[in-house]
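These notes concern the structure reproduced below.
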Amino acid sequence: MNKSDIRKAGRILNHYDLCLNCLGRQFPPNNISNRNLGKKIKTELGIQLRCPKCSICNNILNKTSSLANRSVSLLSSYEFDTFQIGSMIDNSLIENEDSLRAEFKLRGGETIKTELIRELSKLIIKKTNKERKTKNYDLYLLIDFIHDDIAITPSPVIVEGRYTKSERGIRQKRIKCDKCSDLGCKSCNYTGYKKTKTIESKISTYFKKKFLCTDISINWIGTEDINSIVEGSGRMFVADIIKPQLRTPILRKKKLGKGIQINSLQILAHKPSTLPKFRLKIKANVITDKLISKKDAKILEDAFSNREIKIYSTRKQKYVIKQIYDLKILSSRRKKLEFESFLDSGINIRKLVNGFDNHISPNISGILGVKCTIDDSEPFDILESFSGDSIDGKIL
């Protein structure tokens, strides 16, 4: 530090009482900490090191050690390897520093918030042996110097998995409470959802116990009827584990009751930007207005052999193209038709059968020239789900 800076520091200290950190921070550090630089300046000037009340920070920098200790204590409840840290301070402290720098034409020093975060980070890293990261961190630590408070927000954990369903009569998604419209009330125990057992509620309960989290948000890869069976490797889902205390619990195949089982669970490094495409092998039961002959059955099989279909998307307000690769009639008697099909996911099986408002073209009712509807008691079952461009579902 040159003599010119020492003289300028002397003029500053004639007007303002600064703590060692705030004094050192006003000058380029030259490979020395702000505190040690401030100590060096005051020693050279023969000024008392102790500062009763700093004109910039009001001595909040003295709180870093105690706040770091409190943070470490709170962090002990969380599993994490990386963290990011932020701070909230009174704007008047920033204004104090800006005003002093403008008055004495000071440049090159870091800000008070930068120093606070760095010093807190150093202490926390030393005590926890964890790494501070600016992106893709496990949790965010907010130190509020204004209210003397600490808030910890864990980043979500993303889990991919599959579920099978061997019993009919349980729906996939939770049902919103009809008394509070998803806002939360006494009737729904302030969850916003009815207490009805669903696949979603079963999976959520399991993950809450495993991750000690506050909530679960599930992205479904397709859906099925409440009375459908899901067999094979199961239907895929991606779950956001919200505010987890644990991040890497052991996840195994698990029976959740009501015929529901989850499997193939794995924690992903990142949330997928797009959900994967799937192909399905299904079996469906159809009720028809008249008996279907063998000739009709052959016409139907030929019509949906490697056939593109147009589906009207009410959400996108346009038609999308899907493909049916195979369709095979298993039985046809007493105005009941049973078939298997290998097809793209995202095809509404009910509309494929009944041709509702011609939302799917061609459709089974249209091909046969007969009114056809899904059998509600045993509508359609998912026999297998294949990812990507798999053709393993071809019906032989």
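The values are calculated or read from the model by the stated rules, or taken from the named source; none is laboratory data. Computed from a predicted model, the values in this text were never measured in an experiment. Glycine also receives a Cβ, built like all others from the backbone with ideal geometry; neighbour counts cover every protein chain displayed. Calculation scope for accessible area: heavy atoms of the full protein, side chains included, ligands and nucleic acids excluded. Shrake-Rupley method; radii C 1.70, N 1.55, O 1.52, S 1.80 Å.
Give the residue that is modelled with the lowest pLDDT, with candidates limited to residues of the range 162-184 that are aliphatic (A, V, I, L, M) and open to solvent by less than 90 Å² (accessible area, probe 1.4 Å).
Here the answer is I175.
Going residue by residue through the range 372-381, is there one that turns out to be open to solvent by 70 Å² or more (accessible area, probe 1.4 Å) and outside any loop (DSSP other than H, G, I, E, B)?
The answer is no; no qualifying residue exists.
Among residues belonging to the range 192-242 that are more than 30 Å from I152 (Cβ to Cβ) and of a type in the set (D, E), point out the one that is surrounded by the most Cβ atoms within 10 Å (Cβ to Cβ).
E224
Rundown of residues vs (1) part of a strand (DSSP E or B); (2) at pLDDT 95 or above; (3) in contact with a Gly (Cβ under 7 Å, 6 or more places away or on another chain), yes/no style:
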| site | (1), (2), (3) |
| --- | --- |
| E301 | no, yes, no |
| R315 | no, no, no |
| R350 | no, no, no |
| V370 | no, no, no |
| L383 | yes, yes, yes |
| I391 | no, no, no |
| I395 | no, no, no |
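Condition check ((1) modelled with pLDDT of 95 or more; (2) closer than 29 Å to K179 by Cβ; (3) of a type in the set (S, T, Y); (4) not in a loop (DSSP other than H, G, I, E, B)) across all residues:
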| site | (1), (2), (3), (4) |
| --- | --- |
| T191 | no, yes, yes, no |
| K197 | no, yes, no, no |
| E200 | yes, yes, no, yes |
| I203 | yes, yes, no, yes |
| F207 | yes, yes, no, yes |
| G222 | no, no, no, no |
| I241 | yes, yes, no, yes |
| Q266 | yes, no, no, yes |
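Answer yes or no as to whether I309 is outside any loop (DSSP other than H, G, I, E, B) and within 20 Å of F380 (Cβ to Cβ).
The answer is yes for I309.
Write out, first by first residue and then by second, each pair whose Cβ atoms fall under 6 Å of each other, whose residues are 6+ apart or on separate chains, and whose first residue, in the range 74-103, is surrounded by 15 or more Cβ atoms within 10 Å (Cβ to Cβ) while the second is of a type in the set (G, A, S) and at pLDDT 95 or above.
Once the first residue is surrounded by 15 or more Cβ atoms within 10 Å (Cβ to Cβ) and sits in the range 74-103, its partners that are of a type in the set (G, A, S) and at pLDDT 95 or above give I85/S121.
When you check L13 against the structure, is it closer than 19 Å to C57 by Cα and at pLDDT 95 or above, yes or no?
The answer is yes for L13.
What are the residues in the range 243-279 that are in contact with a Phe, Trp or Tyr (Cβ under 9 Å, 6 or more places away or on another chain) and more than 22 Å from P154 (Cβ to Cβ), if any?
K254, L256, I260, Q261, I262, N263, L275, F278, R279
Go through (1) at pLDDT below 95; (2) in contact with a strand residue (DSSP E or B) (Cβ under 6 Å, 6 or more places away or on another chain); (3) of a type in the set (A, V, I, L, M) one by one and return the number of the condition I329 breaks.
(1)
Given the structure, is S65 open to solvent by 10 Å² or more (accessible area, probe 1.4 Å), under 22 Å from I124 (Cβ atoms), modelled with pLDDT of 95 or more and out of contact with any Lys or Arg (no Cβ under 7 Å at 6 or more places or on another chain)?
no
Pairs under 7 Å by beta carbon, first residue more than 15 Å from D215 (Cα to Cα) in the range 174-189, partner of a type in the set (F, W, Y) and at pLDDT 80 or above, six or more apart or different chains?
I175/Y193; K176/Y193; C177/Y193
Would you point out which residue out of I364, I321 is closer than 30 Å to T164 by Cβ and open to solvent by less than 20 Å² (accessible area, probe 1.4 Å)?
I364
Please specify each residue of the range 1-36 satisfying the condition of being hydrophobic (A, V, I, L, M, F, W, C), within 16 Å of C54 (Cα to Cα) and either more than 43 Å from the chain's Cα centre (by Cα) or not in a helix (DSSP H, G or I) (or both).
A9, I12, L13, L18, C19, L20, L23
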